[in-house]
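Let me begin by presenting the structure, written as structure tokens, before commenting on it.
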Amino acid sequence: MNLALRDIRHHRGRFVQTCLGLGLLLGVVMSMGGIYRGLFTDATAILTATGADLWVVQQDTSGPFAATSRIPEDAKYRIRGVPGVAAASALSFQNIQIERTGKPYRFFLIGYELNGLGGPPLIVAGRPIRQKHYEIVVDKAMKLPLGERLRLAGDDYTVVGITEKMVSSSGDPVAYVTLADAQKIQFKDDNNAIRNSRARMEEQLAASRALAPGQAERLAPVVSGIAGSTHIVNTVVAQLAPGANLAQVKERISRWNHLRPFSRLEQEEILTKGMIQKAKMQLGLFRVILLVISGVIISLIIYTMTLDKLRVIATLKLIGTQNRVIVGLIMQQSLLMGLVAYGIGYAAIWSTHDKFPRRVDLVAIDLQLLFVIVVVICIAASMVGIRKALKVEASQALGG
């Protein structure tokens, strides 16, 4: 080791620059692993925060995350009446993009029933929603202070609370409003659309021979109101009573309510194996490519360093130094380079991971596995230099 350290001191600048470059490369590998883990955490954040055992959606769909699902709000009462269900609440989900300070402003809006399932899991500042209308709780990533007003669908919503680490499967921060407000934002038409809808209804009813002209005129607003009802939700979530059989409850809901229930594990599988599967595969491929590049770079550096000291190696052989000492010199340098680079990469990613636009989860097992891989790569890469060093003849020290 002393011999390896002396050689490193002699080539200090090259060693430091190489370690810095490799460290940044390994930092990118760590960030890829963290983003890979973060994708799963983001995809299941709403699922975990809701704490529901069942997600009931429109029949023949995989909603509410992977597909469009619309069911009547009063379905929650039928779900509550199913034996084995302890609680059920309706939820509304929608992506929102508005203009704010001249820039696109995007987030994921959840409408929930007060004192029901699906509300903000944690309030880090302010308070939960208490009024039925025009209050909103936002994620910390939205960077809205308490008391700020956000205009949605023609109404101003006041920020009363702030939560954190709540994002949709696509990484957009989450905001919460009451179910009634969310339904109005998502489903209610504006005044012009309502007038046009009533005019179409009047024309269609007037064309019907079964109604007198006066009846058609009076019925048009009623029919238009029914057709334009906002009492629609995207899903009903339910918690089971202790001891309830999940399979039996699902079968009852499917048979008698003509809806499609998913367990939490089934929804998790839809989110992780369907919606983010390709992104996970791409990140995994990038990690492998970067590790291969790291191995190639280490091999080239070790080989170049070995070429630079062929005369020294020949001299060592001339004075009777055993091959194992020369092998140790090259392998120790390679391992030192890898370990120092790993430390630089770890320090860089640890100090910056919370500033990434997407969640980066640094998991201990991933970092430990990467450490082992780096050690293996360094040992394998040193073999190139060792092979060259062992072929050196002692006579080269005298040959000039």
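The values are calculated or read from the model by the stated rules, or taken from the named source; none is laboratory data. Computed from a predicted model, the values in this text were never measured in an experiment. Ideal geometry is used to build each Cβ from the backbone, glycine not excepted, and the neighbour counts take in all protein chains shown.
Report yes if Ala43 is in contact with a helix residue (DSSP H, G or I) (Cβ under 7 Å, 6 or more places away or on another chain) and not β-branched (Val, Ile, Thr), otherwise no.
So Ala43 passes the test.
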Report yes if some residue within segment 106-117 is free of Cβ contacts under 8 Å to residues at least 60 places away in the same chain and of a type in the set (D, E, K, R); otherwise report no. no
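Just checking, does segment 146-160 include any residue being under 16 Å from the mean Cα position of the chain (by Cα) and of a type in the set (Val, Ile, Thr)?
So far as segment 146-160 goes, no, none of its residues is under 16 Å from the mean Cα position of the chain (by Cα) and of a type in the set (Val, Ile, Thr).
Being acidic (Asp, Glu), assigned to a helix (DSSP H, G or I) and in the same structural domain as Arg9 (by TED's automatic domain parsing), is that true of even one residue in segment 371-394?
Here is the first cut: in segment 371-394, the residues acidic (Asp, Glu) are 393.
Checking the rest, the ones that are also assigned to a helix (DSSP H, G or I) come to none.
No, segment 371-394 contains no residue that is acidic (Asp, Glu), assigned to a helix (DSSP H, G or I) and in the same structural domain as Arg9 (by TED's automatic domain parsing).
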Residue within segment 119-133 that is under 22 Å from Arg78 (Cβ atoms) and either without any contact (Cβ under 8 Å) to a residue 40 or more places away in the chain or touching a Gly at 6+ places or on another chain (Cβ under 9 Å) (or both) present: no
Enumerate the pairs (first residue in segment 265-276 and more than 18 Å from Asp53 (Cα to Cα); second residue anywhere and among the hydrophobic types (A, V, I, L, M, F, W, C) and not in a helix (DSSP H, G or I)) with beta-carbon separation below 8 Å, excluding pairs fewer than 6 apart on the same chain, so at least 6 apart or on different chains. Gly274/Ala66; Met275/Phe65; Met275/Ala66
Count of segment 327-342 residues which are buried (at least 21 other Cβ atoms within 10 Å of the Cβ) and either more than 30 Å from Asp366 (Cβ to Cβ) or over 44 Å from the mean Cα position of the chain (by Cα) (or both): 1
Total residues in segment 51-74, condition over 18 Å from Lys250 (Cα atoms) and crowded, with 22+ Cβ neighbours inside 10 Å: 1
Quick check on my filter: what residues within segment 235-283 are among the polar types (S, T, N, Q) and not in a helix (DSSP H, G or I)? Thr235, Gln239, Asn245, Ser263
Mind checking which residues of segment 169-180 are at pLDDT 90 or above and either among the basic types (Lys, Arg) or within 27 Å of the chain's Cα centre (by Cα) (or both)? Asp172, Pro173, Val174, Ala175, Tyr176, Val177, Thr178, Leu179
Taking segment 134-149 only, how many residues are assigned to a strand (DSSP E or B) and touching a residue at least 24 places away in the same chain (Cβ under 8 Å)? 5
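Being surrounded by 22 or more Cβ atoms within 10 Å (Cβ to Cβ) and small (Gly, Ala, Ser): is that true of Ala90 here?
For Ala90, the condition - surrounded by 22 or more Cβ atoms within 10 Å (Cβ to Cβ) and small (Gly, Ala, Ser) - is met.
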Residues within segment 246-260 that are among the hydrophobic types (A, V, I, L, M, F, W, C) and either under 16 Å from Ser69 (Cβ atoms) or touching a Gly at 6+ places or on another chain (Cβ under 7 Å) (or both), tallied: 3
Please state which of the following conditions Leu362 fails to meet, knowing it meets all the rest: (1) surrounded by 15 or more Cβ atoms within 10 Å (Cβ to Cβ); (2) in contact with a Gly (Cβ under 8 Å, 6 or more places away or on another chain); (3) in a helix (DSSP H, G or I). (3)
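Can you list the helices (runs of 4 or more DSSP H) found entirely within segment 1-107 that contain at least 3 residues being in the same structural domain as Pro357 (by TED's automatic domain parsing) and under 30 Å from Gly284 (Cβ atoms)?
Correct list: 12-43.
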